[in-house]
1. Taking into account only those residues within region 186-214 that are touching a residue at least 60 places away in the same chain (Cβ under 8 Å) and not in a helix (DSSP H, G or I), which is nearest to GLY143 (Cα to Cα)?
2. Looking only at region 47-60, count every residue that is surrounded by fewer than 20 Cβ atoms within 10 Å (Cβ to Cβ), touching a residue at least 12 places away in the same chain (Cβ under 8 Å) and under 25 Å from the mean Cα position of the chain (by Cα) and tell me the total.
3. For the condition farther than 30 Å from THR156 by Cβ and modelled with pLDDT of 95 or more, what is the one hit in SER224, SER262?
4. Does LEU65 meet the test of being of a type outside the set (Val, Ile, Thr), touching a Lys or Arg at 6+ places or on another chain (Cβ under 7 Å), modelled with pLDDT of 95 or more and under 30 Å from PRO186 (Cβ atoms)?
Amino acid sequence: MLKRFVFAVGMTALAGAASAQTLRYGMTLPQGDNADYRAATAFKNYIEFNTGGKLKVEIYPANQLGGEREMTEQVRDGALDIAFVADGAVSGFYPKLQVFAIPYLFPSAPIAWEVLHGPVVAGMAADIDKTMGLTVLNFSENGFRDFTNSVHPIRTPDDMKGLKMRTMESPVYIKMMQSMGSAATPISAAEMVMALQQKVVDGQENAPSTINMLGIADVQKFMSTDQHVFSAMLLLAANDTMAKLTPDQRKVVHDAAMLQASVNNSERAGSTQANIDAIKAKGVEVYMTSPAEKELFRKAAQGPVTEYIREKVGNELVDAMLADVTRAQKSVYGE
């Protein structure tokens, strides 16, 4: 009798394990004390708890599955379930995302968060689903991007001239570098640190959390807090993966994505000072860019880059984004 009971319990456990579905989640930053990984862990824990273990999430950090462009391709092709990738990498597939790269578009992170939850971004998410066959689970913060290099401090746009700068694989970032007189070289995130270390390029631009956690600060000498672009992150899911879930499971995944975005936004914004302190501790000379100096960068880059973006995505989208930033400021500040 006891043997039959043990056998029955064992078969029940095996059946439960067999019925569980695993979602593979790819990301760039490494496992550890960073916003991306904490957000991914919150996503994983929420899903596994609220589905009673019927859905599992396996996190693959540190570009284990390839760079952001490769992970986006894998999700599009159904080879990867979920990827957490930057807008610049996805813009190669969906050019309208280039509108986020207008220099100095957002005056603060809360304004950007409001826009990311607004009608213009919702329209882009629906269009990505329609044209690329991808579900955008959320948009969240990648952070305000800063320059680093190993040649000299960058205080004004003139200091950018002649530098060989790594960019994301995004035409608009290449244009931004060119507008400041730099030679732009597109290199994937997976290969960036090695390219900096081997002096293939002089510098790059990223958010402080990425500069700190991805090892960029270990191979660069100078950083400037110019905050030239607010970059967004997209949590992408394969449509085939979502279609295989039950309606209740899809709701749980969408709820988990909202939690993931909230954790990522708060952690990113709240950890800027800590990341800059950590970058300084690694021996990087950090220059705190003044408002007057940021205005010089804005004058140098905003006009040419915005005009380029208008040519690529159309006046309608650019004007809609600018109007939504105004709406967001009224919503947040009550003006």
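The values are calculated or read from the model by the stated rules, or taken from the named source; none is laboratory data. Because the structure is predicted, anything quoted here is derived from the model rather than measured. With ideal geometry, Cβ positions are generated from the backbone for all residues, glycine too; neighbour counts draw on all protein chains shown.
1. Within region 186-214, the subset touching a residue at least 60 places away in the same chain (Cβ under 8 Å) is 188-191, 205-214.
Now drop any that are not not in a helix (DSSP H, G or I), which leaves 188, 205-207, 214.
Numbers: SER188: 18, GLU205: 11, ASN206: 8, ALA207: 5, LEU214: 14 Å.
The qualifying residue nearest to GLY143 (Cα to Cα) is ALA207.
2. Residues in region 47-60 being surrounded by fewer than 20 Cβ atoms within 10 Å (Cβ to Cβ), touching a residue at least 12 places away in the same chain (Cβ under 8 Å) and under 25 Å from the mean Cα position of the chain (by Cα): 4 in total.
3. After applying the criteria, what remains is SER262.
4. Numbers: of a type outside the set (Val, Ile, Thr): yes; touching a Lys or Arg at 6+ places or on another chain (Cβ under 7 Å): no; modelled with pLDDT of 95 or more: yes; under 30 Å from PRO186 (Cβ atoms): yes.
In short, no.
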